[in-house]
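Undergrad: Mind having a look at this structure? Questions to follow.
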Amino acid sequence: MADNGLRDFRIQGIIAVTLALFLMGVTAGTPLKSALERTVISVLDFPERPARLLLDGILATGGWVEERGSLLERIDVLQAENLALRRRIEEGLIPPLSPEKGERTLTTRVLSRSPLSWWREIRIDKGSDDGIRPGDPAMSDGFLIGRVTRVESGFSTIELLTSPGLLIPVVVDQTRDLGVVAGDEKGQVHLLYLPVDRELEVEMGLSTALVSEQLPPGIPVGFIAAEEPEDGAFRPYRVRLGADLTRLYRIQIGISGRGARS
Amino acid sequence: MTIALIWLLQDLFQVVAAETLLVPDLFLLGLLVFGASEKLSPQGLLWSAFVGGLFWDVRWTGLFGFTAFLDVVAVWFFVELWGRIPQAGRTPILLSFLALGLHIFVGLGHFLSWAELEPMESLFVNQQILALPIIVFVGWRGCRGTRGDE
(Lines give C-alpha, C1' and ligand atoms only; values in the text may rest on other atoms or scores of the structure.)
Protein backbone atom coordinates (compact mmCIF):
# COMPACT_ATOMS: atom_id res chain seq x y z
CA MET A 1 0.00 0.00 0.00
CA ALA A 2 1.28 3.48 -0.82
CA ASP A 3 2.11 5.80 2.08
CA ASN A 4 -0.92 7.98 1.37
CA GLY A 5 -3.17 4.95 1.20
CA LEU A 6 -1.75 3.61 4.46
CA ARG A 7 -2.20 6.94 6.19
CA ASP A 8 -5.79 7.12 4.94
CA PHE A 9 -6.39 3.56 6.13
CA ARG A 10 -5.02 4.35 9.60
CA ILE A 11 -7.17 7.48 9.91
CA GLN A 12 -10.24 5.46 8.97
CA GLY A 13 -9.16 2.75 11.44
CA ILE A 14 -8.99 5.31 14.24
CA ILE A 15 -12.45 6.62 13.24
CA ALA A 16 -13.91 3.09 13.18
CA VAL A 17 -12.40 2.15 16.57
CA THR A 18 -13.55 5.42 18.13
CA LEU A 19 -17.03 4.98 16.70
CA ALA A 20 -17.23 1.42 18.04
CA LEU A 21 -16.12 2.53 21.52
CA PHE A 22 -18.51 5.47 21.38
CA LEU A 23 -21.41 3.17 20.48
CA MET A 24 -20.48 0.84 23.34
CA GLY A 25 -20.59 3.74 25.75
CA VAL A 26 -23.71 5.55 24.67
CA THR A 27 -26.16 2.91 23.47
CA ALA A 28 -26.27 0.61 26.52
CA GLY A 29 -29.79 0.61 27.93
CA THR A 30 -31.13 3.31 25.62
CA PRO A 31 -34.41 3.19 23.65
CA LEU A 32 -32.29 3.42 20.47
CA LYS A 33 -30.65 0.10 21.36
CA SER A 34 -34.02 -1.61 21.89
CA ALA A 35 -35.39 -0.15 18.65
CA LEU A 36 -32.35 -1.32 16.67
CA GLU A 37 -32.52 -4.78 18.23
CA ARG A 38 -36.21 -5.05 17.38
CA THR A 39 -35.59 -4.01 13.79
CA VAL A 40 -32.65 -6.33 13.14
CA ILE A 41 -34.30 -9.31 14.84
CA SER A 42 -37.49 -8.69 12.85
CA VAL A 43 -35.55 -8.47 9.57
CA LEU A 44 -33.53 -11.60 10.35
CA ASP A 45 -36.62 -13.48 11.46
CA PHE A 46 -37.42 -14.43 7.86
CA PRO A 47 -34.02 -15.81 6.72
CA GLU A 48 -33.51 -17.48 10.11
CA ARG A 49 -36.78 -19.37 9.96
CA PRO A 50 -35.42 -22.39 8.03
CA ALA A 51 -32.54 -22.61 10.52
CA ARG A 52 -35.00 -22.63 13.41
CA LEU A 53 -37.08 -25.33 11.73
CA LEU A 54 -33.90 -27.35 11.19
CA LEU A 55 -32.97 -26.95 14.84
CA ASP A 56 -36.46 -28.03 15.91
CA GLY A 57 -36.16 -31.07 13.63
CA ILE A 58 -32.76 -32.02 15.01
CA LEU A 59 -33.92 -31.63 18.57
CA ALA A 60 -37.15 -33.48 17.93
CA THR A 61 -35.38 -36.49 16.45
CA GLY A 62 -32.07 -36.49 18.30
CA GLY A 63 -33.05 -35.24 21.71
CA TRP A 64 -36.19 -37.21 22.36
CA VAL A 65 -34.42 -40.17 23.98
CA GLU A 66 -32.66 -37.89 26.44
CA GLU A 67 -35.79 -35.86 27.10
CA ARG A 68 -37.98 -38.91 27.50
CA GLY A 69 -36.28 -40.02 30.73
CA SER A 70 -36.63 -36.65 32.42
CA LEU A 71 -40.20 -36.24 31.15
CA LEU A 72 -41.18 -39.64 32.55
CA GLU A 73 -39.68 -38.68 35.90
CA ARG A 74 -41.58 -35.42 35.82
CA ILE A 75 -44.82 -37.22 34.94
CA ASP A 76 -44.34 -39.44 38.01
CA VAL A 77 -43.96 -36.37 40.23
CA LEU A 78 -46.95 -34.62 38.65
CA GLN A 79 -49.11 -37.73 38.92
CA ALA A 80 -48.31 -37.97 42.62
CA GLU A 81 -49.18 -34.30 43.09
CA ASN A 82 -52.35 -34.71 41.05
CA LEU A 83 -53.41 -37.68 43.16
CA ALA A 84 -52.81 -35.74 46.37
CA LEU A 85 -54.84 -32.81 45.04
CA ARG A 86 -57.71 -35.07 43.94
CA ARG A 87 -57.74 -36.67 47.37
CA ARG A 88 -58.01 -33.26 49.00
CA ILE A 89 -60.81 -32.28 46.62
CA GLU A 90 -62.65 -35.52 47.47
CA GLU A 91 -62.19 -34.78 51.14
CA GLY A 92 -63.66 -31.31 50.59
CA LEU A 93 -60.47 -29.58 51.72
CA ILE A 94 -60.18 -27.57 48.52
CA PRO A 95 -62.76 -26.72 45.84
CA PRO A 96 -62.60 -28.53 42.46
CA LEU A 97 -59.91 -27.13 40.20
CA SER A 98 -60.35 -26.18 36.60
CA PRO A 99 -58.15 -23.98 34.44
CA GLU A 100 -59.48 -20.52 33.79
CA LYS A 101 -60.64 -19.85 30.27
CA GLY A 102 -57.60 -19.18 28.09
CA GLU A 103 -55.14 -20.37 30.72
CA ARG A 104 -52.27 -22.35 29.16
CA THR A 105 -48.52 -22.57 28.87
CA LEU A 106 -46.66 -21.41 25.79
CA THR A 107 -43.21 -22.72 24.86
CA THR A 108 -40.88 -20.01 23.59
CA ARG A 109 -37.28 -19.77 22.49
CA VAL A 110 -34.65 -17.46 23.96
CA LEU A 111 -33.66 -14.99 21.26
CA SER A 112 -30.93 -13.08 22.98
CA ARG A 113 -29.22 -12.73 26.34
CA SER A 114 -26.85 -9.85 26.69
CA PRO A 115 -23.60 -10.50 28.59
CA LEU A 116 -24.06 -7.08 30.20
CA SER A 117 -27.39 -8.07 31.73
CA TRP A 118 -26.76 -11.82 31.88
CA TRP A 119 -28.41 -12.35 35.27
CA ARG A 120 -31.04 -9.64 34.76
CA GLU A 121 -33.09 -10.37 31.66
CA ILE A 122 -33.56 -12.40 28.50
CA ARG A 123 -35.52 -11.78 25.33
CA ILE A 124 -37.87 -14.41 23.91
CA ASP A 125 -39.43 -14.91 20.48
CA LYS A 126 -43.11 -14.60 21.42
CA GLY A 127 -45.09 -11.52 22.36
CA SER A 128 -48.54 -10.02 22.66
CA ASP A 129 -49.59 -11.63 19.36
CA ASP A 130 -49.28 -14.98 21.14
CA GLY A 131 -51.18 -13.86 24.23
CA ILE A 132 -48.24 -12.97 26.47
CA ARG A 133 -48.82 -10.12 28.87
CA PRO A 134 -46.65 -8.28 31.37
CA GLY A 135 -46.57 -10.16 34.64
CA ASP A 136 -46.93 -13.66 33.18
CA PRO A 137 -44.64 -16.21 34.87
CA ALA A 138 -41.74 -17.73 32.94
CA MET A 139 -40.69 -21.30 33.73
CA SER A 140 -38.05 -23.80 32.76
CA ASP A 141 -38.15 -27.51 33.68
CA GLY A 142 -41.32 -26.76 35.66
CA PHE A 143 -39.62 -24.19 37.90
CA LEU A 144 -40.09 -20.44 37.94
CA ILE A 145 -37.24 -18.49 36.32
CA GLY A 146 -38.74 -15.00 36.21
CA ARG A 147 -41.53 -12.80 35.04
CA VAL A 148 -42.47 -11.09 31.79
CA THR A 149 -41.74 -7.39 32.10
CA ARG A 150 -42.01 -5.94 28.59
CA VAL A 151 -44.12 -7.22 25.73
CA GLU A 152 -44.06 -6.29 22.08
CA SER A 153 -46.00 -7.85 19.24
CA GLY A 154 -43.48 -10.59 18.45
CA PHE A 155 -41.00 -10.42 21.33
CA SER A 156 -41.00 -10.18 25.10
CA THR A 157 -38.48 -9.50 27.83
CA ILE A 158 -38.26 -11.60 30.96
CA GLU A 159 -36.72 -10.39 34.18
CA LEU A 160 -34.90 -13.28 35.80
CA LEU A 161 -35.04 -14.36 39.45
CA THR A 162 -31.35 -13.48 39.71
CA SER A 163 -32.19 -9.84 39.04
CA PRO A 164 -32.15 -7.67 42.16
CA GLY A 165 -35.19 -5.82 40.84
CA LEU A 166 -37.48 -8.83 40.97
CA LEU A 167 -38.78 -9.60 44.45
CA ILE A 168 -40.98 -12.69 44.49
CA PRO A 169 -43.03 -13.66 47.55
CA VAL A 170 -42.60 -17.36 48.26
CA VAL A 171 -43.73 -19.92 50.77
CA VAL A 172 -41.57 -22.68 52.26
CA ASP A 173 -43.45 -25.82 51.23
CA GLN A 174 -42.79 -27.82 54.40
CA THR A 175 -43.35 -25.07 57.02
CA ARG A 176 -45.59 -22.56 55.17
CA ASP A 177 -43.26 -19.74 56.26
CA LEU A 178 -43.48 -16.72 54.00
CA GLY A 179 -40.48 -14.88 52.61
CA VAL A 180 -39.23 -13.09 49.55
CA VAL A 181 -36.64 -14.29 47.07
CA ALA A 182 -34.35 -11.74 45.46
CA GLY A 183 -31.33 -12.04 43.21
CA ASP A 184 -27.98 -10.31 43.53
CA GLU A 185 -27.27 -9.99 39.79
CA LYS A 186 -24.28 -12.32 40.24
CA GLY A 187 -26.17 -15.55 39.71
CA GLN A 188 -27.19 -16.03 43.35
CA VAL A 189 -30.71 -15.89 44.78
CA HIS A 190 -31.50 -15.32 48.45
CA LEU A 191 -34.53 -15.98 50.62
CA LEU A 192 -35.16 -12.91 52.77
CA TYR A 193 -37.28 -11.78 55.73
CA LEU A 194 -37.37 -15.07 57.63
CA PRO A 195 -37.20 -14.52 61.42
CA VAL A 196 -34.09 -16.00 63.06
CA ASP A 197 -36.19 -18.26 65.30
CA ARG A 198 -37.60 -20.20 62.33
CA GLU A 199 -35.91 -23.52 61.82
CA LEU A 200 -35.60 -24.12 58.11
CA GLU A 201 -33.59 -26.95 56.71
CA VAL A 202 -31.53 -27.35 53.59
CA GLU A 203 -33.46 -28.85 50.64
CA MET A 204 -36.84 -27.52 51.84
CA GLY A 205 -38.85 -26.50 48.76
CA LEU A 206 -39.99 -22.98 47.84
CA SER A 207 -43.06 -22.07 45.77
CA THR A 208 -44.69 -18.80 44.82
CA ALA A 209 -47.00 -17.54 47.55
CA LEU A 210 -50.57 -16.35 47.39
CA VAL A 211 -49.80 -12.96 48.87
CA SER A 212 -49.89 -10.80 45.79
CA GLU A 213 -51.42 -10.60 42.36
CA GLN A 214 -47.95 -10.67 40.83
CA LEU A 215 -47.76 -14.38 40.14
CA PRO A 216 -50.07 -17.35 40.55
CA PRO A 217 -49.36 -19.30 43.74
CA GLY A 218 -47.81 -22.74 43.85
CA ILE A 219 -45.21 -22.48 41.09
CA PRO A 220 -42.06 -24.29 42.30
CA VAL A 221 -39.09 -21.93 42.59
CA GLY A 222 -36.26 -23.97 44.10
CA PHE A 223 -34.80 -25.21 47.36
CA ILE A 224 -33.06 -23.79 50.40
CA ALA A 225 -29.34 -24.33 49.85
CA ALA A 226 -27.64 -22.85 52.91
CA GLU A 227 -28.07 -20.54 55.89
CA GLU A 228 -26.46 -17.14 55.71
CA PRO A 229 -25.31 -14.87 58.58
CA GLU A 230 -28.11 -13.19 60.57
CA ASP A 231 -29.14 -9.72 59.57
CA GLY A 232 -30.75 -8.24 62.72
CA ALA A 233 -33.95 -10.10 63.51
CA PHE A 234 -33.90 -11.95 60.20
CA ARG A 235 -31.83 -14.71 58.69
CA PRO A 236 -31.34 -14.88 54.92
CA TYR A 237 -30.89 -18.20 53.16
CA ARG A 238 -29.13 -18.99 49.92
CA VAL A 239 -31.52 -20.50 47.40
CA ARG A 240 -30.76 -23.19 44.81
CA LEU A 241 -33.08 -22.54 41.90
CA GLY A 242 -34.87 -25.53 40.42
CA ALA A 243 -34.17 -24.37 36.87
CA ASP A 244 -30.67 -24.03 35.48
CA LEU A 245 -30.35 -20.35 34.57
CA THR A 246 -27.03 -20.88 32.83
CA ARG A 247 -28.72 -23.05 30.20
CA LEU A 248 -31.89 -21.28 29.16
CA TYR A 249 -32.90 -22.03 25.58
CA ARG A 250 -36.58 -22.91 25.68
CA ILE A 251 -38.86 -21.58 28.35
CA GLN A 252 -42.55 -21.83 29.12
CA ILE A 253 -44.74 -18.83 29.72
CA GLY A 254 -47.82 -19.27 31.88
CA ILE A 255 -50.53 -17.44 29.96
CA SER A 256 -53.32 -16.35 32.24
CA GLY A 257 -56.93 -16.13 31.13
CA ARG A 258 -57.27 -12.77 32.87
CA GLY A 259 -56.02 -9.28 32.13
CA ALA A 260 -52.45 -8.16 32.63
CA ARG A 261 -51.06 -8.75 36.10
CA SER A 262 -49.71 -5.88 38.13
CA MET B 1 -22.31 -9.05 -1.25
CA THR B 2 -20.33 -12.26 -0.63
CA ILE B 3 -19.14 -10.98 2.71
CA ALA B 4 -22.76 -10.20 3.69
CA LEU B 5 -23.73 -13.75 2.75
CA ILE B 6 -20.89 -15.10 4.90
CA TRP B 7 -22.21 -13.00 7.80
CA LEU B 8 -25.69 -14.43 7.24
CA LEU B 9 -24.28 -17.96 7.03
CA GLN B 10 -22.58 -17.50 10.38
CA ASP B 11 -25.83 -16.14 11.82
CA LEU B 12 -27.80 -19.15 10.52
CA PHE B 13 -25.22 -21.59 11.88
CA GLN B 14 -25.41 -19.82 15.24
CA VAL B 15 -29.21 -20.13 15.26
CA VAL B 16 -28.94 -23.88 14.63
CA ALA B 17 -26.13 -24.29 17.16
CA ALA B 18 -27.51 -21.86 19.72
CA GLU B 19 -28.14 -24.55 22.28
CA THR B 20 -24.74 -26.22 22.10
CA LEU B 21 -21.98 -24.24 20.38
CA LEU B 22 -20.43 -20.93 19.53
CA VAL B 23 -19.85 -21.21 15.81
CA PRO B 24 -16.46 -20.19 14.37
CA ASP B 25 -16.18 -16.55 13.33
CA LEU B 26 -16.78 -17.18 9.63
CA PHE B 27 -17.27 -13.47 8.98
CA LEU B 28 -13.83 -12.52 10.32
CA LEU B 29 -12.17 -15.42 8.49
CA GLY B 30 -14.00 -14.40 5.31
CA LEU B 31 -12.63 -10.88 5.70
CA LEU B 32 -9.12 -12.29 6.02
CA VAL B 33 -9.54 -14.26 2.79
CA PHE B 34 -10.77 -11.13 1.04
CA GLY B 35 -7.90 -9.13 2.51
CA ALA B 36 -5.18 -11.66 1.66
CA SER B 37 -6.44 -12.13 -1.87
CA GLU B 38 -6.85 -8.35 -2.23
CA LYS B 39 -10.44 -8.68 -3.38
CA LEU B 40 -11.38 -5.88 -0.99
CA SER B 41 -9.43 -2.71 -0.35
CA PRO B 42 -8.06 -2.24 3.18
CA GLN B 43 -10.62 0.50 3.76
CA GLY B 44 -13.38 -1.77 2.46
CA LEU B 45 -12.20 -4.49 4.84
CA LEU B 46 -12.19 -2.09 7.75
CA TRP B 47 -15.72 -0.81 7.28
CA SER B 48 -17.07 -4.25 6.39
CA ALA B 49 -15.61 -5.45 9.71
CA PHE B 50 -17.23 -2.53 11.50
CA VAL B 51 -20.69 -2.97 9.96
CA GLY B 52 -20.68 -6.78 10.22
CA GLY B 53 -19.49 -6.62 13.82
CA LEU B 54 -22.12 -4.05 14.67
CA PHE B 55 -24.89 -6.21 13.20
CA TRP B 56 -23.55 -9.18 15.16
CA ASP B 57 -23.75 -7.09 18.32
CA VAL B 58 -27.32 -6.08 17.59
CA ARG B 59 -28.33 -9.68 16.90
CA TRP B 60 -26.32 -11.62 19.47
CA THR B 61 -24.17 -9.84 22.04
CA GLY B 62 -26.40 -6.88 22.95
CA LEU B 63 -23.34 -4.66 23.47
CA PHE B 64 -23.33 -2.41 20.42
CA GLY B 65 -19.88 -1.72 19.09
CA PHE B 66 -18.13 -4.53 20.96
CA THR B 67 -17.72 -7.05 18.13
CA ALA B 68 -17.32 -4.14 15.73
CA PHE B 69 -14.37 -2.96 17.85
CA LEU B 70 -12.78 -6.43 18.00
CA ASP B 71 -13.25 -7.06 14.27
CA VAL B 72 -11.89 -3.66 13.29
CA VAL B 73 -8.81 -4.11 15.51
CA ALA B 74 -8.26 -7.62 14.09
CA VAL B 75 -8.57 -6.43 10.49
CA TRP B 76 -6.39 -3.40 11.14
CA PHE B 77 -3.67 -5.61 12.64
CA PHE B 78 -3.98 -8.01 9.71
CA VAL B 79 -3.66 -5.28 7.06
CA GLU B 80 -0.66 -3.71 8.79
CA LEU B 81 1.14 -7.04 9.20
CA TRP B 82 0.19 -8.63 5.87
CA GLY B 83 1.24 -5.48 4.04
CA ARG B 84 4.73 -5.70 5.55
CA ILE B 85 5.31 -9.28 4.36
CA PRO B 86 6.88 -9.56 0.90
CA GLN B 87 4.83 -11.43 -1.71
CA ALA B 88 7.22 -14.39 -1.61
CA GLY B 89 6.67 -14.81 2.13
CA ARG B 90 2.90 -14.81 2.00
CA THR B 91 2.40 -18.53 2.40
CA PRO B 92 -0.77 -20.43 3.28
CA ILE B 93 0.82 -21.57 6.54
CA LEU B 94 1.63 -18.02 7.58
CA LEU B 95 -1.87 -16.84 6.67
CA SER B 96 -3.39 -19.74 8.60
CA PHE B 97 -1.36 -18.91 11.71
CA LEU B 98 -2.33 -15.26 11.41
CA ALA B 99 -6.01 -16.21 10.98
CA LEU B 100 -5.77 -18.53 14.00
CA GLY B 101 -4.26 -15.79 16.14
CA LEU B 102 -6.89 -13.25 15.15
CA HIS B 103 -9.70 -15.78 15.57
CA ILE B 104 -8.47 -16.54 19.09
CA PHE B 105 -8.14 -12.80 19.80
CA VAL B 106 -11.74 -12.04 18.82
CA GLY B 107 -13.04 -15.23 20.49
CA LEU B 108 -11.15 -14.40 23.67
CA GLY B 109 -12.60 -10.88 23.62
CA HIS B 110 -16.10 -12.32 23.54
CA PHE B 111 -15.23 -14.97 26.12
CA LEU B 112 -13.93 -12.42 28.62
CA SER B 113 -17.04 -10.30 28.21
CA TRP B 114 -19.28 -13.02 29.61
CA ALA B 115 -20.38 -12.49 33.19
CA GLU B 116 -19.91 -16.16 34.04
CA LEU B 117 -16.69 -17.52 32.53
CA GLU B 118 -16.72 -21.12 33.77
CA PRO B 119 -19.67 -22.46 31.73
CA MET B 120 -18.31 -20.62 28.68
CA GLU B 121 -14.84 -22.19 28.76
CA SER B 122 -15.82 -25.30 26.84
CA LEU B 123 -17.81 -23.21 24.35
CA PHE B 124 -14.74 -21.06 23.68
CA VAL B 125 -12.41 -24.05 23.28
CA ASN B 126 -14.89 -25.86 21.01
CA GLN B 127 -15.28 -22.74 18.89
CA GLN B 128 -11.51 -22.59 18.33
CA ILE B 129 -11.27 -26.30 17.55
CA LEU B 130 -14.15 -26.10 15.08
CA ALA B 131 -12.48 -23.15 13.40
CA LEU B 132 -9.25 -25.07 12.66
CA PRO B 133 -10.31 -26.68 9.35
CA ILE B 134 -11.78 -23.37 8.21
CA ILE B 135 -8.54 -21.61 9.13
CA VAL B 136 -6.59 -24.08 6.99
CA PHE B 137 -9.02 -23.33 4.17
CA VAL B 138 -8.51 -19.58 4.74
CA GLY B 139 -4.74 -20.04 4.34
CA TRP B 140 -5.13 -21.98 1.13
CA ARG B 141 -7.89 -19.82 -0.40
CA GLY B 142 -6.40 -16.47 0.63
CA CYS B 143 -2.98 -17.20 -0.87
CA ARG B 144 -4.39 -18.90 -3.95
CA GLY B 145 -6.31 -15.71 -4.78
CA THR B 146 -3.16 -13.61 -4.61
CA ARG B 147 -1.13 -15.93 -6.78
CA GLY B 148 -3.93 -16.20 -9.29
CA ASP B 149 -3.90 -12.43 -9.68
CA GLU B 150 -0.16 -12.28 -10.19
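The values are calculated or read from the model by the stated rules, or taken from the named source; none is laboratory data. Everything quoted here is computed from the prediction, not taken from an experiment. Quick reminder, even Gly has a Cβ in these numbers, built from the backbone with ideal geometry, and neighbours come from all protein chains shown.
Undergrad: Being within 18 Å of the chain's Cα centre (by Cα) and outside any loop (DSSP other than H, G, I, E, B) is the filter here; which residues of region A:222-247 pass it?
TA: A:Gly222, A:Phe223, A:Val239, A:Arg240, A:Leu241
Undergrad: Failed condition for A:Arg109, given (1) touching a Ser or Thr at 6+ places or on another chain (Cβ under 8 Å); (2) in a strand (DSSP E or B); (3) more than 24 Å from A:Phe223 (Cβ to Cβ), with all others met?
TA: All conditions are met except number (1).
Undergrad: Follow-up. Take A:Val170 and tell me if it is in contact (Cβ under 8 Å) with a residue 24 or more places away in the chain and among the β-branched types (Val, Ile, Thr).
TA: Spelling it out, A:Val170 is indeed in contact (Cβ under 8 Å) with a residue 24 or more places away in the chain and among the β-branched types (Val, Ile, Thr).
Undergrad: Restricting to region A:131-186, and then to whatever is in a loop (DSSP other than H, G, I, E, B) and among the aliphatic types (A, V, I, L, M), can you tell me which residue is nearest to the chain's Cα centre (by Cα)?
TA: Top of the filtered list is A:Leu161.
Undergrad: Could you please tell me which pairs satisfy a Cβ distance under 6 Å, a separation of 6+ or placement on different chains, a first residue in region A:90-116 that is within 14 Å of another protein chain (Cβ to nearest Cβ) and modelled with pLDDT under 75, and a second residue that is surrounded by 10 or more Cβ atoms within 10 Å (Cβ to Cβ) and outside any loop (DSSP other than H, G, I, E, B)?
TA: Once the first residue is within 14 Å of another protein chain (Cβ to nearest Cβ) and modelled with pLDDT under 75 and sits in region A:90-116, its partners that are surrounded by 10 or more Cβ atoms within 10 Å (Cβ to Cβ) and outside any loop (DSSP other than H, G, I, E, B) give A:Pro115/B:Ser113.
Undergrad: If you go through region B:61-72 one residue at a time, do you hit one that is under 22 Å from B:Val136 (Cα atoms), assigned to a helix (DSSP H, G or I) and away from chain A (no Cβ under 11 Å)?
TA: There is no residue in region B:61-72 that is under 22 Å from B:Val136 (Cα atoms), assigned to a helix (DSSP H, G or I) and away from chain A (no Cβ under 11 Å).
Undergrad: Part of a helix (DSSP H, G or I) and either touching a Ser or Thr at 6+ places or on another chain (Cβ under 8 Å) or closer than 30 Å to B:Thr67 by Cβ (or both) - does that describe any residue in region A:95-105?
TA: Within region A:95-105, none of the residues are part of a helix (DSSP H, G or I) and either touching a Ser or Thr at 6+ places or on another chain (Cβ under 8 Å) or closer than 30 Å to B:Thr67 by Cβ (or both).
Undergrad: For a quick check of your reading of the model, give me the residue pairs whose first member lies in region A:17-42 and is at the interface with chain B (Cβ under 7 Å from one of its Cβ atoms), whose second is basic (Lys, Arg) and part of a helix (DSSP H, G or I), with beta-carbon atoms closer than 6 Å and at least 6 apart or on different chains.
TA: A:Thr27/A:Lys33; A:Val40/B:Arg59
Undergrad: Restricting region B:9-51 to residues that are outside any helix (DSSP H, G or I), within 9 Å of another protein chain (Cβ to nearest Cβ) and of a type in the set (Gly, Ala, Ser), which is farthest from A:Ala20 (Cα to Cα)?
TA: By that ranking, first place goes to B:Ala18.
Undergrad: A further question follows. Test B:Val51 against the criterion of being crowded, with 22+ Cβ neighbours inside 10 Å and modelled with pLDDT of 85 or more, and give yes or no.
TA: It is false that B:Val51 is crowded, with 22+ Cβ neighbours inside 10 Å and modelled with pLDDT of 85 or more.
Undergrad: Considering A:Gly146, A:Gly142, A:Gly179, which residue is at pLDDT 90 or above, over 30 Å from B:Trp56 (Cα atoms) and not charged (D, E, K, R)?
TA: Criteria check complete, one pass: A:Gly179.
Undergrad: Let me ask something else about it. In the set B:Ile85, B:Ile93, B:Ile104, B:Ile6, which member is over 13 Å from the mean Cα position of the chain (by Cα), modelled with pLDDT of 90 or more and either more than 11 Å from chain A (Cβ to nearest Cβ) or buried (at least 24 other Cβ atoms within 10 Å of the Cβ) (or both)?
TA: Answer to the selection: B:Ile93.
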